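Please read the structure below before turning to the comments.
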Amino acid sequence: MNSLVSFYRSSIGKKVVMSLTGLFLCLFLVEHLVGNLLLFANDGGHLYEEYSQWLVSNPVIRVIEVVLFASLFGHALSALVVWIKNRRARPVKYAKYRLDENAELASRITMLGGSVIFLFLVVHLWSFFVPLRVTGTTMTAYQLVVQKFSDPWFCAFYLFALVVLGYHLKHGFQSAFQTLGLMHKKYQWLLGLTAFVFWFVLPAGFASLPVYFYFFSPPTPSAVVLGVQ
Ligand code: HEM
């Protein structure tokens, strides 16, 4: 236990935690996107509602959710601590400001991106998770999605955050592979392809939802009659 704590205290320990939690969060994103694509079923939200109910009632998913929130916390906290430590260790400012030559600027951009994603998550959880799971609402998840994505500012914020997420994942993937020692020449094409799916296909898939609901508005929530409550 003590050796685990001292490993975490080292810079590499925190990087390993960031890499592992980051990869776990990516797996969550795959599951979340696949589930969200059910919103396209054009059935007034029936299928999505069934999926939503299954998530709530499945004990394994509830445990995974605890791991998910712990991973989010561990990932953000480790990133913050590493960033602060690096800043303290580098009191002299760099003279050059080209991204490839300036690790400080790159790390600032990554941190800024992480903060945008954090803000996105606060807004996102407040809009969906809190009313559905914590405070309670008479609306279904589908109705909430339709309502929220009818607001152009909400959609614009989502699209902006998803571009930032793509950038964050692109750089995050590279750094996670490096930290975990997975950058083998032989498998570089496979890692590149996997990274592409995560930094481009996934955010683009999520972005299709606000675009679809805003521009091709399906029946308004009040006109939707759902069998599952
Ligand atoms: C843009 C399309 C998205 C839609 C329509 C969407 C929809 C939802 C909904 C309805 C919930 C509540 C589910 C429930 O509790 O029953 C939820 C939860 C959540 N979402 Fe999203 N989401 C989207 C994108 C994202 C993205 C890009 C992230 C991460 C960067 C994310 C992270 C989460 C998390 C962490 C939760 C709480 C855990 C959970 O309930 O599974 N979502 N989302």
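The values are calculated or read from the model by the stated rules, or taken from the named source; none is laboratory data. Please read these numbers as outputs of a predicted model, since none were measured by experiment. Reconstructed Cβ throughout: ideal geometry from the backbone, glycine too, with neighbour counts over all protein chains shown.
In the range 114-133, the residues that are under 11 Å from Val164 (Cβ atoms) form no Cβ pair under 8 Å with any partner that is more than 6 Å from the ligand (Cβ to nearest atom) and not in a helix (DSSP H, G or I), whether six or more places apart or across chains. Taking Gly136, is it exposed (fewer than 14 other Cβ atoms within 10 Å of the Cβ), among the small types (Gly, Ala, Ser) and either at pLDDT below 95 or within 25 Å of Ala204 (Cα to Cα) (or both)? Yes. Residue pairs whose Cβ atoms lie under 8 Å apart, separated by 6 or more positions or on different chains, with the first residue in the range 66-85 and more than 13 Å from Phe28 (Cα to Cα) and the second within 15 Å of the ligand (Cβ to nearest atom), are Gly74/Thr21; His75/Thr21; His75/Gly22; His75/Leu25; Ala76/Gly114; Ala76/Phe118; Ser78/Thr21; Ala79/Gly114.
Only one entry of Phe149, Phe157, Phe173 meets the criterion of being at pLDDT below 90, surrounded by 16 or more Cβ atoms within 10 Å (Cβ to Cβ) and not polar (S, T, N, Q), and that entry is Phe173. Looking across the range 126-142, the residues that are in a helix (DSSP H, G or I) and near the ligand (Cβ under 10 Å from one of its atoms) come down to Ser127, Phe128, Phe129, Val130, Pro131, Leu132, Arg133, Val134, Ala141, Tyr142. Does the range 145-176 hold any residues that are within 12 Å of the ligand (Cβ to nearest atom) and either of a type in the set (Lys, Arg) or not in a helix (DSSP H, G or I) (or both), and which are they? Of everything in the range 145-176, those that are within 12 Å of the ligand (Cβ to nearest atom) and either of a type in the set (Lys, Arg) or not in a helix (DSSP H, G or I) (or both) turn out to be Lys148, Phe149. Of all residue pairs spaced 6 or more apart or on separate chains, those with beta-carbon atoms under 8 Å, a first member in the range 143-164 that is among the polar types (S, T, N, Q) and a second member that is within 11 Å of the ligand (Cβ to nearest atom) and part of a helix (DSSP H, G or I) are Ser150/Phe213.
Where in the range 1-90 are the helices (runs of 4 or more DSSP H), entirely inside, with at least 3 residues that are within 16 Å of the ligand (Cβ to nearest atom)?
On the way: elements: 2-9, 11-36, 46-57, 59-89.
In the range 1-90, 11-36, 46-57, 59-89 are the helices (runs of 4 or more DSSP H) which contain 3 or more residues that are within 16 Å of the ligand (Cβ to nearest atom).
Within the range 191-210, residues that are within 19 Å of Gln178 (Cβ to Cβ) reach partners that are among the basic types (Lys, Arg) with beta carbons closer than 6 Å, at six or more positions or on different chains, in the pairs Trp199/Lys170. Cβ-Cβ distances below 7 Å connect the following pairs, each with a first residue in the range 44-57 that is farther than 19 Å from Phe216 by Cα, a second residue that is in a loop (DSSP other than H, G, I, E, B) and of a type in the set (A, V, I, L, M), and a separation of six or more residues or different chains: Glu49/Leu226; Glu49/Val228; Glu50/Val228; Gln53/Val228.
Every residue in the range 1-19 that is of a type in the set (Gly, Ala, Ser), closer than 21 Å to Gln178 by Cβ and without any contact (Cβ under 8 Å) to a residue 24 or more places away in the chain, please. Spell out how you get there, then give the answer.
Restricting attention to the range 1-19, the residues satisfying the condition of being of a type in the set (Gly, Ala, Ser) are 3, 6, 10-11, 13, 19.
Within this subset, residues satisfying the condition of being closer than 21 Å to Gln178 by Cβ are 10-11, 13, 19.
Listed by number, the residues that qualify are Ser10, Gly13.
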